[in-house]
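The values are calculated or read from the model by the stated rules, or taken from the named source; none is laboratory data. Just so it is clear, the model here is predicted, and its values are computed rather than measured. Cβ sites come from the backbone with ideal geometry, for glycine too, and all protein chains shown count toward neighbours.
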Amino acid sequence: MYLEDKKVRLAAFAWLAAQERIYGEELPRKILEVGFELEGHRIPLVSAQGIFKPKVLAEIPLSITTAPSSQYDDRMDAEGQLVYKYRGTDPMHRDNVGLRKAWQHRIPLVYFYGLMPGKYMAVWPVFIDQDYRSELSFSVRVDDRSYVDFYAHQGEMETLVAEPADEGRRIYVTSEVKRRLHQRSFRMRVLNAYNEQCTMCRLRHSELLDAAHIIPDGEPGGEPVISNGLALCKLHHAAYDNFFIGIRPDHVIEIKDNLLREDDGPMLLHGLQGLHGSNIILPRSFHARPSPERLKSHYDQFLSSGIGGAA
């Protein structure tokens, strides 16, 4: 038995919004696999396949997914569009045909981005923007969630007609989502590598931890990769970014000279001064450890700032 397509999508969007209020943006995959109930039917939102259509929908998929270890080269292109690969190489595979119909009829989908195994970020509504058969891929744009309200009040319309202003808005929203996906993925991967603790003081409360860039985002070498990251509590993140703290390439912490001479209570004594000469805590995985070249670049800036550590 098929349910009304629009009713299923609106219910899915509402359910996802409710789950974000419970879990935040990092949704457990297990709840997405179970999904929600609608008119006596259980409706999951994901499956083992990246392009997913629940049984209650007749033709058009409900969601597309990029797994953390996906075999497909899904990516953001230079124009800020998500490039989503076909399933397999047959343009007429039913999943590819389903996404083509979503494009032709302007049907909104959900995009699930794998932050790490078992954790996904949900983005909706997204629209298939173009079909590139020669490249075996679709391009995808994200729209503002307020569009869902517009969609909900379209009466009995079976299709959505894109307004001329949609393109500029969707380019902007897609670019912002790209930034959020990268930031969230970077944070989760870095904190996981450091076992959810500050590399300097061992604080374990994730709400008080940041994934700090060694080389800032946007600068050469500032890519959101684990080797450019450090798990730092908010105090030590601010101190590191502002060159009150330096980390040598051999992982030894240095505190700026005039801070070592200050007398300003227990926070300064234990939170900063006590770290001088100690070693940061390293991830177990060698490949997740901070890049020596990036550490040296930041440490050189620490020294050249004129507030370097004591001899």
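List of remarks:
- Of the residues making up the range 21-45, those that are closer than 16 Å to residue 8 by Cα, in a loop (DSSP other than H, G, I, E, B) and touching a residue at least 24 places away in the same chain (Cβ under 8 Å) are 39, 45.
- Whichever residue in the range 89-111 is outside any helix (DSSP H, G or I) and not aliphatic (A, V, I, L, M) and, among such residues, is surrounded by the fewest Cβ atoms within 10 Å (Cβ to Cβ): 89
- Members of the range 201-218 that are over 7 Å from residue 232 (Cα atoms) and not charged (D, E, K, R): 201, 203, 205, 206, 208, 213, 214, 215, 216, 218
- Index of the failed condition, residue 294 passing every other in (1) under 19 Å from residue 189 (Cβ atoms); (2) at pLDDT 85 or above; (3) part of a loop (DSSP other than H, G, I, E, B): (3)
- Counting the residues of the range 188-244 that are of a type in the set (Gly, Ala, Ser), part of a loop (DSSP other than H, G, I, E, B) and modelled with pLDDT of 95 or more gives 0.
- Whether a residue is modelled with pLDDT of 95 or more and surrounded by fewer than 18 Cβ atoms within 10 Å (Cβ to Cβ) was assessed, and residue 79 does not pass this test.
- Some residue of the range 257-265 being surrounded by 18 or more Cβ atoms within 10 Å (Cβ to Cβ), of a type outside the set (Ser, Thr, Tyr) and modelled with pLDDT of 90 or more: no
- Considered as a group, the residues in the range 36-50 that are out of contact with any Leu (no Cβ under 6 Å at 6 or more places or on another chain) and crowded, with 16+ Cβ neighbours inside 10 Å include one that is nearest to residue 138 (Cα to Cα), and that residue is 50.
- For the range 220-231, the condition of being surrounded by fewer than 19 Cβ atoms within 10 Å (Cβ to Cβ), without any contact (Cβ under 8 Å) to a residue 40 or more places away in the chain, within 16 Å of the chain's Cα centre (by Cα) and assigned by TED's automatic domain parsing to the domain that holds residue 289 holds for at least one residue.
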